Amino acid sequence: MPRSYTIRTYGCQMNVHDSERMAGLLESAGYARAEDAAEADVVVFNTCAVRENADNKLYGNLGHLRPAKNARPGMQIAVGGCLAQKDRAEIVRRAPWVDVVFGTHNVAALPVLLERARHNATAQVEIAEALEVFPSTLPARRESAYAGWVSISVGCNNTCTFCIVPSLRGRERDRRPGDVLAEVRALAAEGVLEVTLLGQNVNSYGVEFGDRGAFAKLLRACGDVPGLERVRFTSPHPREFRSDVIAAMAETPNVCPQLHMPLQSGSDAVLRAMRRSYRSGRFLEILDEVRASIPEAAISTDIIVGFPGETDADFDATLEVVAKARFAQAFTFQYSPRPGTPAASLPDQVPKAVVQERYERLVALQEEISWAGNRAREGRVVEVLVATGEGRKDAATRRLSGRARDGRLVHFTPGEAAIRPGDVVSVAVTYGAPHHLVADGPVLSHRRTRAGDAAERPRPSGTGLGLPGFGPPVAAAGTSCGAL
Ligand code: SF4
Ligand code: F3S
């Protein structure tokens, strides 16, 4: 019997994608995905250092596994990802029953470290300071037959004061365009319809190899990949968001009319304190330029409320920018200090009650805007790529779900048609809710796809990656850039 594994993934899309690589590596080394995660021989934690109390939660989870580990001596526990990069040997000091700790640059070493830990019967800790093997050259066990992540860069050269990512993921390293395109082509050849290009700061792509126009060129090149229907990317940075990228988005038919661009604050004083180099006026200019070229673009953002020193006037400036920007969706976060970041030691931390009150006002405003935007879609026909994870909504409505080209979540009634995840349908929107669209009329067209055929083939239950079903790395699933 091959040894079985399960992976528990926390944090952003970077980690979700790294987990696909870990799974691919383990399967290449002869491991099999555990049918029952509770019975796995190897449990891998792919951790995130951003969330509040991330370390306490990790040690709590490790503590829960201790009795299982004592009862089954062959079982192994590995901890990787950003918290491993941050806490290093501290993890085996606090949880000596852990077998392997590996950093964000050491994904490739996972199978060897597990083997060495078994052979030597001692914990193995491997943390590199810089990337040696680009994770995208490693085998992957992809979670979706119809959508895939493709890394174009790792790391970040910015120094936003609230963000711990650069210290854990290192300086930006760009993957060669030929390698990125080869992976995109290979995915499309397997039947994948949608690709999301992934980087902490996708717009600075090319800086490392001296081509500032590289990201726009990459988008255009994706337009020539046979079979590829949808291209998305995350996350851009307003500072580098240039006209050549907007033109490439507008002129490349398979690049989706969707943009997720973090605002973080509408106050220039707060942006300065965050060390975000654009100002709110520039941010709004970019949105105008995007909408002039791509009128249907759904633009989403991230906003932090209660950054140290944020005054009532600063917060009002954020509300003002949000009102003008008319985001389709905003991921809003209450600031809380992250150890290891410059902002954590700034004076003037805003009291919790004030942050909460501002947060509620911001959420209410954005909700109104999102809802109005969705209501404006009533009556329109949208193309939906059917998803599994967001699945059959409930037994009473028998709705299926998927994403429109602009990233909006759509729940639709399939009627009697045998529609599979990965198929593409057209439906008319009958109702715009604050966070999704409903299409309860007949399905206007249904295209069966190879990804849909793949969804019908049996797969092991439980994904092992902490992801829903057989399903989707979806659009607009939050941020990969400094997520709080
Ligand atoms: Fe880089 Fe984004 Fe973090 Fe800023 S918030 S340092 S751009 S990863
Ligand atoms: Fe790392 Fe992503 Fe969390 S880069 S710290 S897993 S948000």
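Derivation of every value follows stated rules applied to the coordinates shown; laboratory data play no part. Keep in mind the model is a prediction, meaning the values are calculated, not measured. Neighbour counts run over all protein chains shown; Cβ positions are idealised from the backbone, glycine included.
Go through region 314-331 residue by residue and turn each phi into a ³J(HN,Hα) via Karplus (6.51, -1.76, 1.60, θ = phi - 60°); whole Hz please, and just put x for glycine and proline.
Values per residue, Gly and Pro as x: 4, 5, 4, 5, 5, 4, 5, 5, 4, 4, 6, 6, 6, 5, 5, 7, 9, 8 Hz.
Which of rounded, prolate, oblate describes region 4-126, given a ≥ b ≥ c as roots of the alpha-carbon gyration tensor eigenvalues and a/c under 1.5 marking rounded, otherwise prolate only if a/b is larger than b/c?
Numbers: a/c = 1.30, a/b = 1.10, b/c = 1.19.
Judged from the Cα gyration tensor, region 4-126 comes out rounded (a/c under 1.5).
Amide H neighbours of Glu126 under 5 Å, counting only residues 5+ apart in sequence or on other chains, H built in-plane at 1.01 Å?
When sequence neighbours closer than 5 places are left aside, the close amide H contacts are Val101, Phe102, Gly103.
For region 11-66, build the convex hull from the C-alpha positions and give me its volume per residue in Å³.
Dividing the Cα hull volume of region 11-66 by its residues yields 88 Å³.
Chymotrypsin sites (Phe, Trp or Tyr not before Pro), restricted to region 157-215: which are DSSP loop and have at most 15 other Cβ atoms within 10 Å?
Phe209
Given contacts defined as C-alpha pairs under 8 Å and at least six residues apart, what's the relative contact order of the chain, whole-number percent? Kindly include the intermediate steps, with their values, before the conclusion.
Working: 1022 pairs, mean separation 67.2, N = 484.
Relative CO of the chain lands at 14 percent.
Fully extended, how many nm does the chain gain between Thr430 and Thr311 (0.36 nm per residue separation, minus their Cα-Cα distance)?
38.7 nm
Could you size up the charge dipole of region 381-448 around its Cα centre, putting +1 on the beta carbon of Lys and Arg and -1 on that of Asp and Glu, and report it in debye to the nearest 20?
Rounded to the nearest 20 debye, it is 140 debye.
What are the semi-axes of the equivalent ellipsoid of region 235-326, taken as the square roots of 5 times the eigenvalues of the Cα gyration tensor, listed largest first and rounded to whole Å?
Sorted largest first and rounded, they come to 26, 12, 10 Å.
What net charge do the residues around Val207 carry, taking every other residue with its C-beta under 15 Å from that of Val207, with Lys and Arg at +1 and Asp and Glu at -1?
Net charge around Val207: +2.
State, as an integer percentage, the relative contact order of region 4-126 based on alpha-carbon contacts under 8 Å between residues 6 or more apart.
Reported as a whole number, the value is 24 percent.
Can you pull the three principal axis extents for the Cα set of the chain, in Å, largest first?
Extents along the principal axes, in whole Å: 62, 60, 49.
Given 4 °C and 1.567 mPa s, how large is the Stokes-Einstein diffusion coefficient of region 381-448 in µm²/s, with Rh as the Kirkwood radius over Cα pairs?
Result for D is 113 µm²/s.
Suppose every Lys and Arg Cβ carries +1 and every Asp and Glu Cβ carries -1, with no other charges. What dipole size does the chain come out with about its Cα centre, to the nearest 20 debye?
Dipole magnitude for the chain comes out near 600 debye.
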